[in-house]
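So the structure is just underneath, and the comments pick up after that.
The values are calculated or read from the model by the stated rules, or taken from the named source; none is laboratory data. Just so it is clear, the structure is predicted and the values come from calculations on it, not from any experiment. Cβ sites come from the backbone with ideal geometry, for glycine too, and all protein chains shown count toward neighbours. We work out accessible area using only protein heavy atoms, side chains counted, and drop any ligands, DNA or RNA first. Shrake-Rupley method; radii C 1.70, N 1.55, O 1.52, S 1.80 Å.
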Amino acid sequence: MKTFDDTAATAQATYDVPEDRMGFFTDTTLCIGCKACEVACKEWNELQEDGYNFTAESYDNTSALGGNTWRHVAFIEQLPRPVGPANDAEPLPPIPELDGGVASLLDRDASVGPMQFDTMGRWLMSSDVCKHCTRAACLDVCPTGALVRSEFGTVVVQDDVCNGCGYCVPACPFGVIAEQPQSGHAAKCTMCYDRLRDGEKPACAKSCPTESIQFGNLDELRARADERLANVVARFPTARLYGNDEDDGVGGFGAFFLLLDKPHVYGLPPDPIVTTRDLPSIWRTTAYSALALSLLVVTASIGTGKA
Amino acid sequence: MTTPMSYYGRPVIKAPTWRWYIGAYLFVGGLAGASTPIVLAARATRNDTLARASLGAACAGIVVSPILLIADLRDPKRFINMLRVFKITSPMSVGSWILTFFGANVAVAAASEWTGIATPLGRTAEVLAALSGPALATYTAALLADTAVPVWHDARHELPFVFAGGALASAASCALIFTPIADAKLARRLATLGAIVEFATLERMKKRLGPLVGEPYRLGGSSRYKQIARMTSALSLALMRGAKGNRTLAIASGLLGITSALCERFSIFEAGKLSANDPKYTVAPQLARRAQREAQAS
């Protein structure tokens, strides 16, 4: 926890993360972009639709997480030609060795040769969600105590306490929490708090047909993710875990990912830091500035009195 | 920068949803907060005219501030939830308590001043208001710095001083308008000092932010507000010499000083929105930070 040495006093004060913490492991190598998670989330949590928009951004008309969108499936098309959002992406992976299994599935003529992934490009799909940070900025800055740490280690908004001040919105380093237009309250993924209370999986994990979204004990998920990464890294050299490191800027995510490219290609921050990590120094600077203001007034008043 | 820095160029963080009320509150709270030390300094120098002018300004500030803050809440009837808890990790929570404490003391001091009742109580409240005023004028800088918005968070070492300078300049400018020139020497001094502090710390801030993270100050609304702030501040200072002998010039200088502080707050407020809405300000520094860390580790 060396990263947080000077912050423990404030950043830790508001909550404790329980030992037996629940989380998500979203394995994007398995995501087929079906958006079942988005739909299941909306249905279970009774979230309004986002409107019938056409973004012309691949197969994604949802675009981003929001007050009524607590799961968002990103579609990234990486084509050989520089098109779309991936120009800054990692070089495309080398042609995978396609042995009998997949080749026979595709019933390809052997004379055509292996599939040319480098010239075909690839699709990346990933279901984004609230990270349920170990050190959650939204929770720290919430002035009403509407945001709380649940017994599952998740971060949850109490809808009957939030007064819509909006401070959590720019505080989140991932741009997750947002205003829900119809209620005016801050809203985000609760990891289906109500379902967890009844021993059920969150709706998104339950509906995911490929187990790209895995739910469970966070320590178990982390172990599983390490294993999975070791398995896929030969085929996808750019594969990486994102959010599994307890020493990162938010103390590790409660919902972490296996990605196939740099985080920012998926719209995720490369090196997120909980803003309250710097709050002790911010308070110190503020106290000095207030003191300076007072001293300036006192000093300037010398010799201004009436004779 | 032509390379998209995120998913279809969409923002990585969410911009504040705060409307103009909050930008205005940054100014009003600062003016009210910096007015009370002036009240106390004026009392100490037997300058009741100036004290009354600044107390009046603080009083107007505590009436307007809650209105602005509550108006911006998406669920205004729950404004009282702000005082449900006290959280040192939330500058907004701390600020709500500061405003409450400050407001109560200013109200008592002003009521006593204008009714002539319970003067000792009024003067005690005045001292408490003077002690909490600078906190009210500067906590809003901590509030902005304590976000993921790069142009605010990265300015955390200077922003409180910028706010202190701006608040002082606006409070003194306001006093300048309502005080006869014979009693306004302190107001003239502080208006000048405040403007200088604000300008100097802003320059320092821009230097630290650098060309990329500081870019929003050169864009759109933020840049326009900044230009007006610069111009009115320069004019206000230019008129300060004349303000010593001419009430009209003093009023003009005061109005210009107030306009400058107001526009400076809005410039900072708008810069935050621009900073959050373009992913490059979030992503590029983080990539550089990570690369640097990885280079050090290896």
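Note on segment A:260-285: residues that are open to solvent by 10 Å² or more (accessible area, probe 1.4 Å), of a type in the set (S, T, N, Q) and either in a loop (DSSP other than H, G, I, E, B) or in contact with a helix residue (DSSP H, G or I) (Cβ under 6 Å, 6 or more places away or on another chain) (or both) amount to 1. Given the criteria over 19 Å from B:Thr140 (Cα atoms) and of a type in the set (Ser, Thr, Tyr), does B:Thr45 qualify? In short, yes.
Scanning segment A:286-303 for residues that are among the β-branched types (Val, Ile, Thr), closer than 17 Å to B:Ala44 by Cα and assigned to a helix (DSSP H, G or I), we see that the one that is nearest to the other protein chains (Cβ to nearest Cβ) is A:Val297. Across segment A:172-198, the qualifying residues are those that are within 11 Å of another protein chain (Cβ to nearest Cβ) and within 14 Å of the chain's Cα centre (by Cα), and the one among them that is farthest from A:Ala255 (Cα to Cα) is A:Ala178. Please tell me if B:Arg241 is surrounded by fewer than 16 Cβ atoms within 10 Å (Cβ to Cβ) and either at negative phi or touching a residue at least 60 places away in the same chain (Cβ under 8 Å) (or both). Against the criterion (surrounded by fewer than 16 Cβ atoms within 10 Å (Cβ to Cβ) and either at negative phi or touching a residue at least 60 places away in the same chain (Cβ under 8 Å) (or both)), B:Arg241 qualifies.
Restricting the search to helices (runs of 4 or more DSSP H) fully inside segment B:113-208 and requiring at least 1 residues that are free of Cβ contacts under 8 Å to residues at least 12 places away in the same chain gives B:119-145, B:150-153.
Here's the yes/no breakdown for (1) assigned to a helix (DSSP H, G or I); (2) within 11 Å of chain B (Cβ to nearest Cβ):
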position: A:Asp160; (1), (2): no, yes
position: A:Pro170; (1), (2): yes, yes
position: A:Phe215; (1), (2): no, no
position: A:Phe236; (1), (2): no, no
position: A:Asn244; (1), (2): no, no
position: A:Leu258; (1), (2): no, no
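When restricted to residues that are hydroxyl-bearing (Ser, Thr, Tyr) and more than 13 Å from chain A (Cβ to nearest Cβ), segment B:14-65 contains 1. The number of residues in segment B:140-151 being facing chain A (nearest Cβ under 8 Å) and open to solvent by less than 10 Å² (accessible area, probe 1.4 Å) comes to 6. Against the numbered list (1) over 17 Å from B:Ala34 (Cβ atoms); (2) touching an Asp or Glu at 6+ places or on another chain (Cβ under 8 Å); (3) facing another protein chain (nearest Cβ under 9 Å), B:Asp183 comes up short only at (2).
Residues in segment A:151-165 that are closer than 27 Å to A:Tyr242 by Cα and open to solvent by 10 Å² or more (accessible area, probe 1.4 Å): A:Glu151, A:Phe152, A:Val156, A:Val157.
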